[in-house]
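Here's the structure, in structure tokens; my notes come after.
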Amino acid sequence: MADIVRWDPFESFMTARQMMNRLLEDAWVRPMAPLAGEIERPLSVDVYETDDEVVVTAPVPGVKPEDIDVSIQGNSLSIKGETKMERDVSEENFYRRERRYGKFGRQIMLPTVVQSERAEARFENGVLTLHMPKAEEVRPRKIQIKAAA
């Protein structure tokens with residue numbers, strides 16, 4: 001014999017608290033899709049400094065060096081690019097597609113002032129490496145101590 005369940009027409013309505021929780025969860029837990037022209041995914045980077053330079057490395061597999069844009073303005077470094085999908089295979093022939101395509105980028109505040117005109121970029125085995133010499137005024141200098149006679 002089936003139990004009789006009382007139907008409450010207001011049970012399906014959300015409370016104001018439930019609506020606010022859902023709104024905040026959607027905004028913070030699941031980030032919104034990027035707007036047209038914005039970077040779709042951040043670029044992972046390693047940044048370290050030596051006595052003479054700041055070095056940044058970033059993996060960019062499957063991207064040609066000429067498709068990467070690197071710029072320095074003040075002490076802000078910007079790296080942008082795009083991974084393009086190969087169109088050799090038709091959509092219906094795919095079993096799985098896990099590689100990410102689209103625009104990527106990263107803007108980083110450098111830990112110190114660099115000489116942007118002397119910066120060098122190298123691309124090897126899918127890794128971009130930037131060497132940026134520190135500005136002369138921020139490099140550590142050794143001061144010779146003279147003994148008094």
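Descriptive notes on the structure:
- Number of residues in the range 114-130 that are of a type outside the set (Asp, Glu) and either within 16 Å of residue 61 (Cβ to Cβ) or exposed (fewer than 13 other Cβ atoms within 10 Å of the Cβ) (or both): the value is 8.
- Within the range 109-131, tally of residues that are closer than 20 Å to residue 66 by Cβ, among the polar types (S, T, N, Q) and part of a loop (DSSP other than H, G, I, E, B): 1
- For the range 94-149, the set of residues classified as over 22 Å from the mean Cα position of the chain (by Cα), among the acidic types (Asp, Glu) and modelled with pLDDT under 90 consists of 136, 137, listed by residue number.
- Pairing residues of the range 88-108 that are farther than 30 Å from residue 71 by Cβ with residues that are of a type in the set (Phe, Trp, Tyr), at Cβ distances under 6 Å and at least 6 apart in sequence or on separate chains, gives no pairs at all.
- Any hit, the range 104-113, residues being closer than 19 Å to residue 41 by Cβ, of a type in the set (D, E, K, R) and surrounded by 15 or more Cβ atoms within 10 Å (Cβ to Cβ): yes
- Strands (runs of 3 or more DSSP E) contained in the range 53-93 and holding at least 2 residues more than 16 Å from the chain's Cα centre (by Cα) and buried (at least 16 other Cβ atoms within 10 Å of the Cβ): 53-59
The values are calculated or read from the model by the stated rules, or taken from the named source; none is laboratory data. Please read these numbers as outputs of a predicted model, since none were measured by experiment. Note that each Cβ is placed from the backbone with ideal geometry, even for glycine, and that neighbours are counted across all protein chains shown.
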